[in-house]
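Report on the following structure.
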Amino acid sequence: MKRVWCLFRVSKKQQVSTDDDIPMQKNSCHEFVKSKTNWIITNELYEKGVSGWKKTVNERDEMAILKEGALNKEFDVLLVFMFDRLGRREDETPVMVNFLVQNDIEVWSVKEGQRKIESHTDKLLNYISFWLSDGESQKTSIRVKEAKKQLSEQGYFQGGSPPIGYKIVETAEQHWKNKERRVKELVPDEDESEMIKLIYKLYVNKHMGYRKIADYLNENGYRNRDGKVFIVSTLQRILSNSIYIGLKRYKNAVGGTQPYNEKLRIIPDELFNQAEQIRNTRSSNINEQDKSAIPRAGKLMFSGMAYCKYCGSKLTSNYLYRNSKYNNKDGFYKNTIYRYKCPLNKGKLYCDHQQNIWGGKKFDTLIINKIKFILSQFELKSFLDISKNTKADLLKIKERNVHTLEKEYLALTKQQEKLNLEIGKTLIGESSFTTEQLSAAINVIEKQTEEKLSQLNSLKEELERERENYSDVNYLANELDNWEQKFNDADDDLKKAMLSRIIDKVYLGKNEIEIELNIWLSDYFEGKFD
């Protein structure tokens, strides 16, 4: 009697609990054995929820049992429902079949008969069949990903916990798999979405850091969804999640986001882009150990932006105590005087500093008054027309270039697909290409595709930067509208943030103040002021 081992496999965990897959394989194998007079089943191996394509042979426990059983001569026949139950990897499954046959194990399939390797043709057919199975798995994977992508693009919820700011609701639409269920989707949560808006405004408008925002939220009674206090990592995720502008992240092989969905929007693009720019600037400056672009906490309004006119050094904050007399009663009180100080003033040997200390209150007032005068000459409509038209033209050019490169890249990938289809024809002698010609052509196309993809990614990065700059112009224009009134009504944190968005540097000298505006305002005012 020939001892028969049966292998049953389903690739999805959802199939494990159904009555339509493993029992079907098992019944078919048992019926097949009954038709063989000298066969008897001595062992049955089950792989539940194991992919024969994603998992390698070495990662599958049942394959190790089969190898050990073959070496120990524990069975004579391996029976499967179809050969793809052994696996779908073109580079490994034929090797496994060869191993079994070389160890005197007959490999049978209920649907496809016996697999032999007695001749060169047998080996070729063996390889081609598993190569086709591998291809089918890849096609199935593509179909599943595309189906999930399309469902996600339509706004259907694909499972998991909703991000902070959203909730899951059932729609009236029937589920495509289970008619008793309803399709679910993400929608903004009324209360949580207001908190998201607050977090972004604190980060952008008041330039608060993660820790300061967490403290503010916790002190004012805000709590996370699970009732716990806010921590820095939660805020980092919130302030970098594009779902709040309608671009939900999609976990696929290449990353990226789903197409835009207006229903998911909580904040405007300008606010999100400003937050991203601040985050990137802070990250870059921290890596370089330079915090000059970040307005610092403290009593001085231009801390981090003030520089010495004589040596170019960044001014540090400094203070001293002075006894001041009360106006309405006897006695004195200790008054703190804040000052700007040049850290490199070490005498004329190093640099001729005509002044190295500046009173904070006096010079903050002088600088702010000068800024107010400059902005009083500002024509918002003229600024918008010049800046937006220039940036819009640049955006259109780059968008056209990206579109052209995308078409060229798509054409190359189609050529590559056609050449890959020729591989199977070459193996069975039906292709007009030789193996050498096909290999050379594929190598050339692969190189061209890689180069084109590199160009495309580089241009997309440039386009994204241009969009950020375009967004900056809009944001700045909105803030400059009635700027003086907004500034006068703001608290100190917001005032520092407003100043940092229009000023790059302030140089202080002896009775001198030089203001270096940001690039957009500097270009606009070119030639208007001495």
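Structural remarks
- Using the Cβ-Cβ distance between residue 236 and residue 406 with R0 = 35 Å, the FRET efficiency computed as 1/(1 + (r/R0)^6) comes to roughly 0.60.
- Three-way shape label, the stretch 308-373, alpha-carbon gyration tensor, a/c 1.5: oblate
- In this structure, the pairs whose alpha-carbon distance is over 31 Å, taken from 248/372; 201/452; 167/201; 228/248; 184/398; 48/179, are 248/372; 201/452; 184/398.
- Of 212/370; 206/299; 299/510; 396/505; 2/116, those spanning more than 24 Å from alpha-carbon to alpha-carbon: 212/370; 396/505
- If the chain linking residue 447 and residue 35 were pulled fully straight, counting 0.36 nm for each residue of separation and taking away their Cα-Cα distance, it would gain 142.9 nm.
- Filtered chymotrypsin sites (Phe, Trp or Tyr not before Pro), the stretch 296-335: DSSP coil and at most 12 other beta carbons within 10 Å: 326
- Test item: Cα-centred dipole of the stretch 308-373, Lys/Arg +1 and Asp/Glu -1 on Cβ, debye: 60
- At R0 = 56 Å, FRET efficiency that the Cβ-Cβ distance of residue 167 and residue 421 yields, to 0.05: 0.75
- Extension gain, residue 318 to residue 98, is 71.1 nm, computed as 0.36 nm per intervening residue step minus the present C-alpha separation.
- Gyration tensor (alpha-carbon) shape descriptor, the stretch 177-222, a/c threshold 1.5: prolate
- For the pair residue 376 and residue 337, a Förster radius of 30 Å applied to the C-beta separation gives a FRET efficiency near 0.45, rounded to the nearest 0.05.
Throughout, read-outs are computed from the coordinates displayed, never taken from laboratory work. Note that this is a predicted model, so its numbers are computed, not measured. Note that each Cβ is placed from the backbone with ideal geometry, even for glycine, and that neighbours are counted across all protein chains shown.
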